[in-house]
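Enquirer: Just dropping this structure here.
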Amino acid sequence: MMQPFTGRHMAIIMVCGFGVIIAVNLFMATLAVGGFSGVVVKNSYVASQQFNGWLDEAQAQEALGWIVTTGRTADGSISVATAEVPEGAVLTGRARRPLGDSDITDIVFTGNVETGFRSTLPLPPGRWLVRVEVAAGEDRWRSESEL
C-alpha cells in the first residue's frame, strides 16, 4: 500500500535535487580553476605597447608568401609541408596544451623544404597547440595551429 505524498517527501526531493546541482557546480568550478590560470600575457600594458609591432611583423610575414601546413601523422609525429620557402630554411617548434602552463614540449624537426619536415619524437595523445617558426636568413615566419 502506498503512503500519501506529503510535504516531507517534497522537501527531501528538493534538497536532493539542489544538492546534486550544487555538487556538480562545485566540481566544475574546481576543474575550471585548476585548468586555466587566467593569465594570457604577464603584463597587459606592456603587451598593448607592443601590439603595433606585432601587426608590422604579421604584414612582413604575409609579404614573404610562404605557405606552411602543419599536421599530425598516425604515430603522433608532427608533419610540416612547405611551399615557396627557400632552400636551407630551419624549422623550430613548440607544443603546449590549450589550457594551463604544463606540458610544454620543444619540437625538433628533420627533413627539408622539398620532402617536408617531421618531428623526431611523437607527441602524446590529446589536443595540442603547435607553434612553428621557419627561419631563412633574416626572414621569419610563425604560425600556431591546433592539432
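The values are calculated or read from the model by the stated rules, or taken from the named source; none is laboratory data. If you're wondering where the values come from, they're calculated on a predicted model, not measured in any experiment. For neighbour counting, all protein chains shown are included, and Cβ atoms are generated from backbone atoms with ideal geometry for every residue, glycine included.
A quick yes/no check of all residues on (1) among the aromatic types (Phe, Trp, Tyr); (2) under 21 Å from the mean Cα position of the chain (by Cα):
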{"residue": "Tyr45", "(1), (2)": "yes, no"}
{"residue": "Gln49", "(1), (2)": "no, no"}
{"residue": "Trp54", "(1), (2)": "yes, yes"}
{"residue": "Gln59", "(1), (2)": "no, no"}
{"residue": "Leu64", "(1), (2)": "no, no"}
{"residue": "Thr69", "(1), (2)": "no, yes"}
{"residue": "Arg72", "(1), (2)": "no, yes"}
{"residue": "Gly88", "(1), (2)": "no, no"}
{"residue": "Gly93", "(1), (2)": "no, yes"}
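Enquirer: Does Leu99 count as closer than 25 Å to Ala136 by Cβ and either exposed (fewer than 10 other Cβ atoms within 10 Å of the Cβ) or in contact (Cβ under 8 Å) with a residue 60 or more places away in the chain (or both)? Before the answer, list the steps.
Expert: Numbers: closer than 25 Å to Ala136 by Cβ: no; either exposed (fewer than 10 other Cβ atoms within 10 Å of the Cβ) or in contact (Cβ under 8 Å) with a residue 60 or more places away in the chain (or both): yes.
Spelling it out, it is not the case that Leu99 is closer than 25 Å to Ala136 by Cβ and either exposed (fewer than 10 other Cβ atoms within 10 Å of the Cβ) or in contact (Cβ under 8 Å) with a residue 60 or more places away in the chain (or both).
Enquirer: On to the next question. Residue by residue through the stretch 6-56, note down the ones that are in contact (Cβ under 8 Å) with a residue 12 or more places away in the chain and among the polar types (S, T, N, Q). Break it down stepwise before answering.
Expert: If we filter the stretch 6-56 for residues that are in contact (Cβ under 8 Å) with a residue 12 or more places away in the chain, which is where we start, we get 35-37.
Answer for the stretch 6-56, where residues must be in contact (Cβ under 8 Å) with a residue 12 or more places away in the chain and among the polar types (S, T, N, Q): just Ser37.
Yes/no per residue for (1) surrounded by 11 or more Cβ atoms within 10 Å (Cβ to Cβ); (2) modelled with pLDDT under 90; (3) in contact with a Leu (Cβ under 7 Å, 6 or more places away or on another chain):
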site	(1), (2), (3)
Ile67	yes, yes, no
Thr73	yes, yes, no
Phe109	yes, yes, yes
Arg131	yes, no, no
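Enquirer: Also, quick follow-up: Looking at the stretch 75-103 only, could you name the residues that are at pLDDT 85 or above, closer than 30 Å to Gly35 by Cβ and of a type in the set (S, T, N, Q)?
Expert: The answer is Ser77, Ser79, Thr92.
Enquirer: Let me ask something additional. In contact with a strand residue (DSSP E or B) (Cβ under 8 Å, 6 or more places away or on another chain), aliphatic (A, V, I, L, M), assigned by TED's automatic domain parsing to the domain that holds Gly116 and without any contact (Cβ under 8 Å) to a residue 60 or more places away in the chain: does that describe Ala74?
Expert: The answer is no for Ala74.
Enquirer: Among the residues of the stretch 109-147, which ones are in a strand (DSSP E or B), more than 22 Å from Leu64 (Cβ to Cβ) and over 18 Å from the mean Cα position of the chain (by Cα)?
Expert: Once the filter is applied, which keeps residues that are in a strand (DSSP E or B), more than 22 Å from Leu64 (Cβ to Cβ) and over 18 Å from the mean Cα position of the chain (by Cα), the stretch 109-147 yields Thr110, Arg118.
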